[in-house]
């Protein structure tokens with residue numbers, strides 16, 4: 001009888017021991033799995049971060065910023081105001097249009113205009129046509145932007161100097177001609193707009 005009890009006791013202890021070992025193995029396996037998952041998540045996050053950085057660098061390499069500057073009475077350029085972002089591979093026409101839009105949005109918002117490029121005296125120039133859509137007596141008209149000595153000079157410089165981009169090192173137009181409703185400008189206080197302004201650099 002004692003032998004039977006001893007055998008039963010040994011079987012119970014062995015069973016408990018086996019169960020405990022299996023539990024430890026399962027816990028260890030789960031811990032290993034969690035470590036693998038955590039490692040995979042970190043790799044995914046790192047790959048995503050690297051991809052975002054690479055895409056950002058690629059975008060930076062594909063575009064450039066061209067300065068748009070305000071004008072002053074006593075000096076040509078008062079200070080940097082903003083930049084026009086353009087694609088490096090964009091055509092000259094598209095770059096000129098982007099800079100012109102930046103100028104118009106900054107100081108002449110809401111006024112109608114057209115931009116084109118053409119050859120004049122064997123030089124490529126930009127042609128900015130100021131399209132009047134309001135009465136000349138209206139303060140929001142193009143005409144009123146060129147009345148008064150100081151205002152006329154500043155507004156003329158804002159357009160001409162920024163379109164000429166004298167400090168730009170890439171391919172650019174060599175001159176700018178400003179028209180008023182398709183005709184030569186005849187603003188008394190902005191005589192520089194009556195002729196084509198060339199980049200003398």
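Being touching a residue at least 40 places away in the same chain (Cβ under 8 Å), touching a strand residue (DSSP E or B) at 6+ places or on another chain (Cβ under 8 Å) and part of a helix (DSSP H, G or I) is the filter; apply it to segment 157-183 and report the residue that is surrounded by the fewest Cβ atoms within 10 Å (Cβ to Cβ).
161
Search segment 108-121 for residues that are touching a residue at least 12 places away in the same chain (Cβ under 8 Å) and on the phi < 0 side of the Ramachandran plot and pair each with any residue that is surrounded by fewer than 14 Cβ atoms within 10 Å (Cβ to Cβ) and assigned to a strand (DSSP E or B) when their beta-carbon atoms are under 7 Å apart and the residues are at least 6 apart or on different chains.
112/131; 113/131; 114/131
What tally of residues in segment 189-201 results from selecting those that are more than 14 Å from residue 125 (Cβ to Cβ) and surrounded by 19 or more Cβ atoms within 10 Å (Cβ to Cβ)? Spell out how you get there, then give the answer.
Step one: of segment 189-201, the residues more than 14 Å from residue 125 (Cβ to Cβ) are 189-192, 194, 201.
From what is left, the residues that are surrounded by 19 or more Cβ atoms within 10 Å (Cβ to Cβ) are 190.
Qualifying residue count, segment 189-201: 1.
Only one residue in 137, 150, 186 is in contact (Cβ under 8 Å) with a residue 60 or more places away in the chain, more than 32 Å from the chain's Cα centre (by Cα) and either assigned to a helix (DSSP H, G or I) or surrounded by fewer than 18 Cβ atoms within 10 Å (Cβ to Cβ) (or both), so which one is that? Write out each step before concluding.
Values: 137 fails: in contact (Cβ under 8 Å) with a residue 60 or more places away in the chain; 186 fails: in contact (Cβ under 8 Å) with a residue 60 or more places away in the chain.
Just a single option satisfies the conditions, and that option is 150.
Is it fair to say residue 100 is within 17 Å of the chain's Cα centre (by Cα), surrounded by fewer than 15 Cβ atoms within 10 Å (Cβ to Cβ) and under 28 Å from residue 62 (Cβ atoms)?
On the way: within 17 Å of the chain's Cα centre (by Cα): yes; surrounded by fewer than 15 Cβ atoms within 10 Å (Cβ to Cβ): no; under 28 Å from residue 62 (Cβ atoms): yes.
When the stated conditions are applied, residue 100 does not pass them.
What do you reckon, is residue 145 under 20 Å from residue 193 (Cβ atoms) and at pLDDT below 90? Full working, then the answer.
Numbers: under 20 Å from residue 193 (Cβ atoms): yes; at pLDDT below 90: no.
The answer is no for residue 145.
Scan segment 189-200 for residues that are over 16 Å from residue 115 (Cβ atoms), in contact with a helix residue (DSSP H, G or I) (Cβ under 6 Å, 6 or more places away or on another chain) and not in a helix (DSSP H, G or I) and report the count.
Let us first name the residues in segment 189-200 that are over 16 Å from residue 115 (Cβ atoms), namely 189-192, 194-195, 198-200.
The next check asks that each one be in contact with a helix residue (DSSP H, G or I) (Cβ under 6 Å, 6 or more places away or on another chain); those that pass are 189-190, 192, 199.
Among the residues that remain, those that are also not in a helix (DSSP H, G or I) are: 189-190, 199.
Count: 3.
The values are calculated or read from the model by the stated rules, or taken from the named source; none is laboratory data. None of the values given here were measured: they were computed from a predicted structure. Positions of Cβ are backbone-derived with ideal geometry, glycine not excepted, and every protein chain shown enters the neighbour counts.
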